[in-house]
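Have a look at the structure below before the remarks.
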Amino acid sequence: MATFLIRRLIQMVIVLLASAIVSYALLYLAPGGPTAGLRQIQQGGRNTITAEDIARIKARFELDLYLPYRFTRWLAGFPSGPVTIGGQTFLADTAVGCAIPGQVRLRYPDGTSEIIEEGCEQYVTFADLTDRRTSRGIIFGDFGSSQVILRDRPVSVLIESRLPYTLQLMGAALVISILIGVPLGIYSAVRQYSRFDYVMTTVSFVGSSLPTFVIGIISILIFAIAAKEAGLPYLPPGSAVALSDYTVPLIGTVEAESTLDRLLHFIMPCGVLVFVNIAGYSRFIRSGMLEVLRLDYVRTARSKGLRERTVVLKHALRNAILPFITLLAGVLVELFGGAAITEAIFNWPGLGRLLVDSIERSDYTVAMSLTMVSIFLLLIGYLITDILYSVLDPRIRLS
Amino acid sequence: MSTSTPTRPASQWELVLRRFRSHRVAMFCLYVLIAIYIASMFAPYIAPYPRDQISLDRSYVTPFQTSKIGTFHVLGTDHLGRDFFTRLIYAARVSLTTALTVVTISTIIGVVIGLVAGYFGSWVDNLVTRFIEFISTFPTFTLLLIAGSIVLQSEQAIPIPDILTKLFSFLMAINEREARQVVMIVAIFVLLGWTGVARFVRGMVLSIREQLYVESSRALGGSHLHNMFTHVLPNAMPPIIVSYTLGLSGTLVAESGLSFLGFGIQDPTPSWGNMLAFANSYMFNYPWMPLVPTLPILVCSLAINYVGDGLRDALDPRVQTEIRREQRDALLAAIRERSKS
């Protein structure tokens with residue numbers, strides 16, 4: 001067990017590092033970012049943006065550094081300046097980036113000309129790095145600062161402000177759907193081919209083949225718009241709290257930001273997630289149970305004269321629920337990452353929407369932080385399920 | 001039919017076909033899908049209006065209504081006055097062809113890689129599995145978003161063979177600039193999509209290659225290529241077919257989800273996802289609007305899944321469809337009896 005853990009942890013570190021490199025490279029390819037759109041501003045207003053201004057903005061977001069340095073500074077906050085050994089500084093003049101790229105005007109034979117960036121006019125050296133405010137590196141828990149969404153504010157502030165909403169929504173949806181989905185799956189397996197089973201399998205089949213955005217939109221149409229027009233109690237269609245008080249038939253006036261208000265906003269997104277989850281979970285448990293209920297040991301338990309209840313819940317369920325655990329490996333990621341599409345439809349201020357926003361608006365430090373945290377959580381999830389599996393199923397030995 | 005020919009026992013595929021045919025819902029769904037796809041192939045002839053014709057005189061027309069300028073719209077018009085029915089048919093062509101090409105290409109890649117990895121084992125297998133494991137640690141959805149945004153913002157920067165854009169613009173009845181975008185979206189989905197197929201094909205091949213018939217073929221001197229494609233692959237086929245159909249609906253939904261969030265196929269090119277995204281923002285004033293693009297997504301993903309379900313039953317004799325049908329008939333008979341009394 002100990003060797004297994006050590007080996008897995010080393011593997012995890014390698015995978016994390018590799019995926020950090022790949023995703024960083026991928027985002028480096030992406031266009032946009034804090035310097036995008038500056039030229040448009042320049043053309044519109046009287047203030048002209050000089051090369052120095054752009055260099056300053058780039059320096060603030062480290063965009064002027066060469067990729068390897070940028071990566072290591074982002075990852076571990078290194079290098080943070082020239083190397084000092086025994087009072088002597090080394091490498092102070094070595095270039096690590098380019099502050100102002102050189103410009104060359106190309107004149108074409110047909111009279112047109114084009115300015116392209118070529119070479120470098122002013123380099124950034126190790127010595128320049130000393131004065132910079134740096135992040136301590138993502139592996140030490142410092143995510144750096146946001147580039148677009150909340151300019152210059154730490155990414156951690158942004159994540160902290162969204163995390164409670166996501167945790168609330170995903171946590172509640174998860175608990176409720178396990179509490180409902182597992183018993184439903186068991187019951188419909190025990191009563192296979194009964195009318196209940198038919199209804200259950202059909203509903204969960206439909207539920208799991210419909211995309212969440214379709215379910216979300218239809219439920220807004222029914223529970224928010226149609227219900228409101230019909231004068232029935234309706235649910236607010238989006239966001240987490242209301243901005244002003246509103247009146248709902250039968251319930252009365254709902255104060256903005258009260259618990260009731262939050263609850264009303266919570267019901268629909270949570271309901272959609274619960275519906276989708278239940279459809280998946282109950283099908284999974286049902287097929288697992290069906291397989292186990294056929295086995296000899298279940299028959300043995302029955303022929304010993306045990307009550308059906310004991311046979312199903314004690315003997316069969318224990319084996320049937322094992323594969324379910326692997327399904328839960330992704331739970332940590334889900335809890336953190338949220339459900340981007342559901343959050344987008346219901347305007348829920350969670351982390352899933354933050355991810356979509358950050359990519360849409362090219363705020364790559366935010367996107368990178370979210371990606372890295374979810375990869376980390378996924379790996380942790382895999383580890384936990386492997387350990388859980390070996391604890392619950394004695395047939396499996398970790399080695 | 002001449003009686004002299006000895007009755008040949010039905011081949012495995014004939015049995016499968018027969019079993020599939022008897023699955024009524026799946027057959028119906030298959031017909032629906034085929035009908036939709038054929039209709040979309042004839043889009044220019046069926047569509048009552050030009051695809052992108054904008055006219056503010058006839059914006060927000062409710063379904064089955066005539067606009068102010070006297071044009072009739074079966075499914076209404078959007079905020080720019082473009083006819084929904086027309087765009088839905090063109091979008092069917094884009095969305096369904098995207099799903100078909102993505103799943104076909106990624107299944108072929110996945111099957112070949114999984115087959116090779118599982119058949120040869122040892123270091124080949126190790127390399128492939130490690131690589132797949134590595135890819136699957138990335139959150140797929142995030143990667144899709146990032147890749148989508150890169151592709152859409154630096155459209156001209158990525159070189160695409162001319163023949164590909166021409167092919168897609170022909171297949172989807174869109175111009176070449178739009179086709180470039182679609183090609184890139186397809187490429188992203190393929191890049192992220194083959195790993196799942198490869199993983200499960202590898203798993204199956206691992207057990208199939210240990211079977212006696214493969215061993216005897218090897219003993220008879222059958223080449224690796226011969227063994228792989230005549231003995232191993234056909235026996236791995238049923239789950240591959242099922243995963244192909246389920247992959248279709250998965251990709252359809254994922255593509256419309258991506259387009260819904262604005263990272264997929266972009267506006268003048270119609271796709272069910274981006275039409276829904278626009279309709280969605282007008283839902284409070286025109287509640288019928290989001291329902292229009294929702295309908296085909298709903299119908300197609302349900303239909304594909306039902307076909308997949310029927311195929312699974314037909315291909316896997318362990319699922320006792322016969323028993324199921326008997327039970328269902330008994331149930332129906334009981335209900336009829338009760339309703340009579």
Before we move on, is A:Glu255 touching a helix residue (DSSP H, G or I) at 6+ places or on another chain (Cβ under 9 Å), loosely packed, with under 15 Cβ neighbours inside 10 Å and either of a type in the set (D, E, K, R) or over 17 Å from A:Val175 (Cβ atoms) (or both)? yes
Helices (runs of 4 or more DSSP H) fully within region B:5-64 counting 3 or more residues that are of a type outside the set (A, V, I, L, M, F, W, C) and at pLDDT 75 or above: B:12-21, B:24-41
Here is a check on your reading of the model: is A:Leu75 modelled with pLDDT of 75 or more, in a helix (DSSP H, G or I), of a type outside the set (Asp, Glu) and touching a Ser or Thr at 6+ places or on another chain (Cβ under 9 Å)? no
Being of a type in the set (Gly, Ala, Ser), at positive phi and without any contact (Cβ under 8 Å) to a residue 40 or more places away in the chain is the requirement here; does B:Gly262 meet it? yes
Out of (1) within 10 Å of chain B (Cβ to nearest Cβ); (2) over 17 Å from B:Ser136 (Cα atoms); (3) surrounded by 20 or more Cβ atoms within 10 Å (Cβ to Cβ), the one A:Ala316 does not meet is (1)
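From the list B:Thr245, B:Thr294, B:Thr230, pick out the single residue that is under 19 Å from the mean Cα position of the chain (by Cα), more than 9 Å from every other protein chain (Cβ to nearest Cβ) and among the polar types (S, T, N, Q).
Unique residue meeting the criteria: B:Thr245.
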In the set A:Thr253, A:Thr300, A:Thr259, A:Thr310, the lone residue that is touching a strand residue (DSSP E or B) at 6+ places or on another chain (Cβ under 6 Å) and more than 14 Å from every other protein chain (Cβ to nearest Cβ) is A:Thr253
Residues to consider are A:Pro233, A:Pro237; find the one that is on the phi < 0 side of the Ramachandran plot and either of a type in the set (Phe, Trp, Tyr) or away from chain B (no Cβ under 12 Å) (or both). A:Pro233
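Here is a yes/no grid of residues against (1) of a type in the set (A, V, I, L, M); (2) under 30 Å from A:Lys314 (Cβ atoms); (3) under 23 Å from the mean Cα position of the chain (by Cα):
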| site | (1), (2), (3) |
| --- | --- |
| A:Thr130 | no, no, no |
| A:Arg151 | no, no, yes |
| A:Leu179 | yes, yes, no |
| A:Lys228 | no, no, no |
| A:Pro236 | no, no, no |
When residues of region B:297-309 are filtered for being among the β-branched types (Val, Ile, Thr) and either within 10 Å of chain A (Cβ to nearest Cβ) or under 20 Å from B:Ile188 (Cβ atoms) (or both), how many remain? 2
Determine, yes or no, whether A:Thr310 is surrounded by fewer than 18 Cβ atoms within 10 Å (Cβ to Cβ), modelled with pLDDT under 80 and of a type outside the set (A, V, I, L, M). no
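Filter region A:98-129 down to the residues that are part of a loop (DSSP other than H, G, I, E, B) and surrounded by 14 or more Cβ atoms within 10 Å (Cβ to Cβ) and list them by number. First the steps, then the outcome.
Going through region A:98-129, the residues part of a loop (DSSP other than H, G, I, E, B) turn out to be A:108-112.
Correct list: empty.
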Within region B:67-101, count every residue that is surrounded by 22 or more Cβ atoms within 10 Å (Cβ to Cβ), of a type in the set (Lys, Arg) and either modelled with pLDDT under 85 or not in a helix (DSSP H, G or I) (or both). 1
Every residue in region A:204-219 that is buried (at least 20 other Cβ atoms within 10 Å of the Cβ), of a type outside the set (S, T, N, Q) and more than 7 Å from chain B (Cβ to nearest Cβ), please. A:Ile215, A:Gly216
Qualifying residue in region A:188-203 (condition: surrounded by fewer than 20 Cβ atoms within 10 Å (Cβ to Cβ), among the polar types (S, T, N, Q) and in contact with a Pro (Cβ under 9 Å, 6 or more places away or on another chain)): no
Would you please name the residue that is nearest to the other protein chains (Cβ to nearest Cβ), looking only at residues in region B:261-285 that are within 17 Å of B:Arg82 (Cα to Cα) and of a type in the set (Phe, Trp, Tyr)? B:Trp272
If you check B:Leu115 against the conditions, is it in contact with a helix residue (DSSP H, G or I) (Cβ under 6 Å, 6 or more places away or on another chain) and either in a helix (DSSP H, G or I) or hydrophobic (A, V, I, L, M, F, W, C) (or both)? yes
Leading residue by the ranking (surrounded by the fewest Cβ atoms within 10 Å (Cβ to Cβ)) among those in region A:348-371 that are farther than 10 Å from A:Ile149 by Cβ and away from chain B (no Cβ under 11 Å): A:Pro349
Cross-chain or 6+ apart pairs with Cβ under 9 Å, region B:222-233 first and in contact (Cβ under 8 Å) with a residue 40 or more places away in the chain, then part of a loop (DSSP other than H, G, I, E, B): B:Asn227/B:Arg209; B:Met228/B:Arg209; B:Val232/B:Arg209; B:Val232/B:Gln211
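The values are calculated or read from the model by the stated rules, or taken from the named source; none is laboratory data. This one's a predicted model, so the numbers in the text were calculated from it and none came from an experiment. Every residue, glycine among them, receives a Cβ derived from its backbone with ideal geometry; neighbour counts consider all protein chains shown.
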